[in-house]
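Just below is one structure, and these are the notes that go with it.
The values are calculated or read from the model by the stated rules, or taken from the named source; none is laboratory data. All of these numbers come straight from a predicted model, not from anything done at the bench. Please note: Cβ atoms are built from the backbone with ideal geometry, for glycine as well, and neighbour counts cover all protein chains shown. Only protein heavy atoms, including side chains, enter the accessible area calculation; ligands, DNA and RNA are left aside. Shrake-Rupley method; radii C 1.70, N 1.55, O 1.52, S 1.80 Å.
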Amino acid sequence: MAAENLKWWQKTIIYQIYPKSFQDTTGSGTGDLNGITDHLDYLKKLGVGAIWLTPIYPSPQVDNGYDISDYTAIDPAYGTMKDFENLVAESKKRGIKIVMDLVYNHSSDKHKWFLESKKNRTNSKADWYIWRDAKSDGTPPTNWRGIFGGSAWTWCEERQQYYLHTFAKEQPDLNWENPEVRQALYDAANFWLDKGVGGFRIDAIVYIKKPAEFKDGKPDLDGLFSVHDAYANTNGILDFLHEFKEKVFVGHEIFTVGEANSVKPEDLNKWVGNDGVFDMLFEFSHVNIMFAKGEAWHYPENWKLTDLKRVLTESQKATAQNGWYPIYFENHDKPRSVNNFFEEGADKVKAAKALGTILLTMRGTPFIFEGQELGCTNVAWDSIEKYNDISSHGQYQLMLQEGLTVSQAMKFVQRFSRDNARTPMQWNNKKNAGFSTGAPWLPVNENYKTVNAEIEEKNADSVLAWYRKLSKFRADNKELISGDYELLLADSEEIFAFSRSLNGKTFITAVNFTSQNVNLPPDFSNKKIVLDSESDADKNFLKPFEARIYSAK
Ligand code: GLC
């Protein structure tokens, strides 16, 4: 497809902001909308065309905003609706659109809909959530385990019934079978379209459809059966989503990206593209590569580069003709990519540049998560109490139940906690990395004195400088926007290489994923190097984590 025929969101870069951790302007210790507005020029310089905000709606913050108590308002901790409108307007001036996160599988248990629903079995919202009687012995209706651990059912005294929650007990699942519920959700999305937003990221969407019959599954170690296996992608889900598309998305110059863990490649055309329901789907296969075998902490972390190349190449192929691919290596649910995809002792600056080169030269729309462009890294706090992430707490309990020692469990939490991505943004080397003048809601990563935007702005060799260079290079070369993707050196466990070709012009990306020099095949030596992360490149080999782009015929 020629670049001219692509939509705006296929030609740009999207930046994900976790507002709680981006920039505090009030001294509260929590980031806010005005803090985002203050940094729009920084984002513009990075070539960003849209900002995806994780939820900014009123919320008790049990799951940091993914437990929403009002779908059409702004949490006072983040500011006011005026601040939001100002953010949209200031962004627009810079050619940037604002993208909202729709959390429609569940609400907060403090949402007025749920407060009403739980009162009794006859109120006007009685059927807005998923209520079931206890089994005859009083235990929950099924043995399902929620994604954050523990039973997926919680008992409600008032109704003398259980309600279902895919995630925490404070996140009751909405009943999508009820047309009034669906309409209320569509109305809320249309409210944001009227405010001028440029798109939606749709949270945890694969769980909205529940099976006709609720049955126990085969219990695993804690005696429960994962909700994911019980009902992710249940038949009939696409009927809901087609309705959603018609009532909300159609006719707007927006994009939609669904969070869709486990949609199979053969089903992809039903989900994205002309006959699908969304423009893009966030897949999990590449970010879960280290969990190929079951429960996260049973992993032997021995994935190979060829595994990563295989799954990414499958996604590239699946979206080559139909649909479009959102490329990402980080988000607010994942560890920092330099820790996730590279050996423990890897040089973090070089590793960040290496992965950034893949991110910004693959086919699709790149998503940068705040701080990724600086090479931010994981933290490692010494006790579970220091962690905020609700899923780390659930996993920690499960690990102890399974007989892991505290130190084994903590090692896992440190490596994979979602807090790794959620520590405050590192702006400069002053107090709290310039994030806040108050006490930050989550500690700042100790490395902020050397890893921060201000210092990296001044250093031509920094991760930030490399991201800016790549972003500009991508924007200037349409082969990198719409050119075909082809994997090269498929069997190499050291080099990730691919080509991007359009109308006879080709770019080749070659990245060394190891901490050793790696020889290149002889036919690489006569190609022209156009960008290189190392200053004195040798045409015969790549230095540790060196990333290079060639132009070839
Ligand atoms: C999604 C979000 C995650 C949240 C969960 C429940 O996976 O990305 O942060 O905890 O949904 O809403």
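Rundown of residues vs (1) assigned to a helix (DSSP H, G or I); (2) within 16 Å of the ligand (Cβ to nearest atom); (3) under 14 Å from HIS111 (Cα atoms); (4) of a type in the set (A, V, I, L, M, F, W, C), yes/no style:
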{"site": "ASN34", "(1), (2), (3), (4)": "yes, no, no, no"}
{"site": "ASP41", "(1), (2), (3), (4)": "yes, no, no, no"}
{"site": "SER59", "(1), (2), (3), (4)": "no, yes, yes, no"}
{"site": "VAL62", "(1), (2), (3), (4)": "no, yes, yes, yes"}
{"site": "ILE68", "(1), (2), (3), (4)": "no, yes, yes, yes"}
{"site": "THR72", "(1), (2), (3), (4)": "no, no, yes, no"}
{"site": "ASP75", "(1), (2), (3), (4)": "no, yes, yes, no"}
{"site": "GLY79", "(1), (2), (3), (4)": "no, no, no, no"}
Subset of region 355-403 that is part of a helix (DSSP H, G or I) and open to solvent by 30 Å² or more (accessible area, probe 1.4 Å) - its residue that is modelled with the lowest pLDDT | GLN401
Residues that are under 25 Å from ASP63 (Cβ atoms), open to solvent by 20 Å² or more (accessible area, probe 1.4 Å) and under 26 Å from the mean Cα position of the chain (by Cα), drawn from region 429-456 = ASN432, PRO440, TRP441, PRO443, VAL444
Would you call GLN408 modelled with pLDDT of 95 or more and surrounded by fewer than 23 Cβ atoms within 10 Å (Cβ to Cβ)?
-> no
Can you spot a residue in region 344-362 that is of a type outside the set (Lys, Arg) and within 16 Å of the ligand (Cβ to nearest atom)?
-> no
Over region 33-62, the set of residues open to solvent by 10 Å² or more (accessible area, probe 1.4 Å), touching an Asp or Glu at 6+ places or on another chain (Cβ under 8 Å) and under 28 Å from PRO366 (Cβ atoms) is ASN34, THR37
So which residues in region 136-146 are surrounded by fewer than 19 Cβ atoms within 10 Å (Cβ to Cβ) and either among the β-branched types (Val, Ile, Thr) or over 19 Å from ASP216 (Cα atoms) (or both), if there are any at all?
-> THR139
Which ones in region 147-201 are assigned to a strand (DSSP E or B), open to solvent by less than 20 Å² (accessible area, probe 1.4 Å) and in contact (Cβ under 8 Å) with a residue 24 or more places away in the chain?
-> CYS156, GLN161, TYR163, LEU164, ASP173, LEU174, GLY199, PHE200, ARG201
In this structure, is ASP229 more than 19 Å from ASN105 (Cα to Cα), surrounded by fewer than 17 Cβ atoms within 10 Å (Cβ to Cβ), away from the ligand (no atom under 16 Å from the Cβ) and not β-branched (Val, Ile, Thr)?
-> no
In region 298-343, the residues that are charged (D, E, K, R), within 23 Å of ILE13 (Cα to Cα) and not in a helix (DSSP H, G or I) | GLU330, ASP333, LYS334, ARG336
Flag if GLU330 is within 24 Å of MET410 (Cα to Cα), surrounded by 22 or more Cβ atoms within 10 Å (Cβ to Cβ) and either among the charged types (D, E, K, R) or over 16 Å from the mean Cα position of the chain (by Cα) (or both) | yes
When only residues in region 471-485 that are outside any loop (DSSP other than H, G, I, E, B) and in contact with a strand residue (DSSP E or B) (Cβ under 7 Å, 6 or more places away or on another chain) count, which is nearest to VAL451 (Cα to Cα)?
-> SER471
Being in a loop (DSSP other than H, G, I, E, B), within 16 Å of the ligand (Cβ to nearest atom) and either over 11 Å from PRO172 (Cα atoms) or open to solvent by less than 10 Å² (accessible area, probe 1.4 Å) (or both) is the filter here, so list the residues in region 98-129 that pass it.
-> VAL103, TYR104, ASN105, SER107, SER108, HIS111
Residues that are closer than 17 Å to ASN339 by Cα, modelled with pLDDT under 80 and not aliphatic (A, V, I, L, M), drawn from region 281-312 = TRP297, TYR299, PRO300, GLU301, ASN302
Looking only at region 205-214, decide whether some residue is more than 16 Å from the ligand (Cβ to nearest atom), assigned to a loop (DSSP other than H, G, I, E, B) and among the β-branched types (Val, Ile, Thr).
-> no
From the list GLU266, GLU259, which residue is open to solvent by 50 Å² or more (accessible area, probe 1.4 Å) and acidic (Asp, Glu)?
-> GLU266
